[in-house]
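Following: one structure in structure tokens, then a few remarks.
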Amino acid sequence: MSPTAIRRRVGYRLRELRGKAGMTTIEAAAVIGSSDAKISRLERGLTPVRPGDVQLLLDRYGGTDHAERDLLVRLAGDSGRRGWWQAYELPEWFNLYIGLESAASSICNFETLLIPGLLQTADYTRALVRQAHPTATAERVERMVDARLKRQDRLSGNDPLKLRAVVGEAALHCTVGTPDVMRAQFTHLARMSESPNIELRLVPFSSLAYAPHGRPVVILDFPEPGDPGLVYFDHLGKGVYVEDEAHIAIHRQAFELLVGGALTTEDSARHFADRG
């Protein structure tokens, strides 16, 4: 289990117990001599959890047996471990996203101009990084490529990530690298669409949902029962998160409208294959 997954599991349970105890975040913060902002970040899995803080909060909240209490305290001790992605020296705001991605059980991703990162080939990523960061050293470019390929490990294995990826037609016409790079990327998309855990669709310009809802977005869901998930998007070189349940629901509805206006998975796969 990744450190971010641990943080979310512990944080979500603490939030649930606080709610059952009828306490506010301000009251919980007083228990550990902290701020309500820290309690909020702790409950959302955005910061490591100290075992001592967990013990104090559990003492105040109640509602757990010895086995669950011991488990939560033990997990808190592992919540500060470094994730594999931190070795790649990526921007800190993006480290947070990769940690959340590594903890997710399913992801919905709509992209307008680019192929989703989890479905990019190495050459496509390499060309994209070079175009976006023309002064980056060759070593830096390769580290960024390696990090993206490592992220794609979640799509395979014993418990693969479920990915629903919707690609806007514009992404087919935005050249990244050479024509050969683009053709190989389309062939890769056609092949990946055969994976049982991947739903890949193309939204044509003619879709009535494209104009009003066509903004890049990632919706992450997590394995804990009742976890509302969260919405992520990039904005001006930083990650923005939406965690209000009402606003998450709006983004989910917009994503489903895009799916409804997209080609079928079979037609999408044929379209990608024809361009490969």
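Just so you know, all these numbers are worked out from the coordinates, no wet-lab data involved. Fair warning: this is a prediction, and the values are worked out from it, not measured in the lab. Cβ coordinates were reconstructed from backbone atoms using ideal geometry, including for glycine residues, and neighbour counts include every protein chain displayed.
Between the C-alpha center of segment 163-207 and that of segment 1-70 there is a gap of 41 Å.
Highest mobility in the GNM of the chain, judged by mean-square fluctuation with C-alpha springs under 10 Å and restricted to V31, V217, V73, is found for V31. Relative to the 2.2 N^0.38 Å rule of thumb, segment 3-78 has a C-alpha radius of gyration ratio of 0.95.
By how many degrees, 0 to 90 and rounded to 10, does the Cα axis of helix 138-151 deviate from the longest principal axis of the chain? It is inclined by approximately 70 degrees. Estimated purely from DSSP H runs of n ≥ 4, each contributing -39500 (n - 2.57), the mean residue ellipticity at 222 nm for the chain is -16000 deg cm²/dmol once divided by its residues.
Calculate how steeply helix 265-275 sits against the longest principal axis of the alpha-carbon atoms of the chain, using the helix alpha-carbon long axis, and give the answer as 0 to 90 degrees to the nearest 10. Orientation of helix 265-275: about 50 degrees from the principal axis. Among H173, H66, H213, the largest mean-square fluctuation in a Gaussian network model of the chain, built with springs joining Cα atoms closer than 10 Å, belongs to H66.
The long axis of helix 66-78 is offset from the longest Cα principal axis of the chain by roughly 50 degrees.
Placing pseudo-labels 7 Å out from each Cα toward the beta carbon at T47 and H133 gives an inter-label distance of 2.8 nm.
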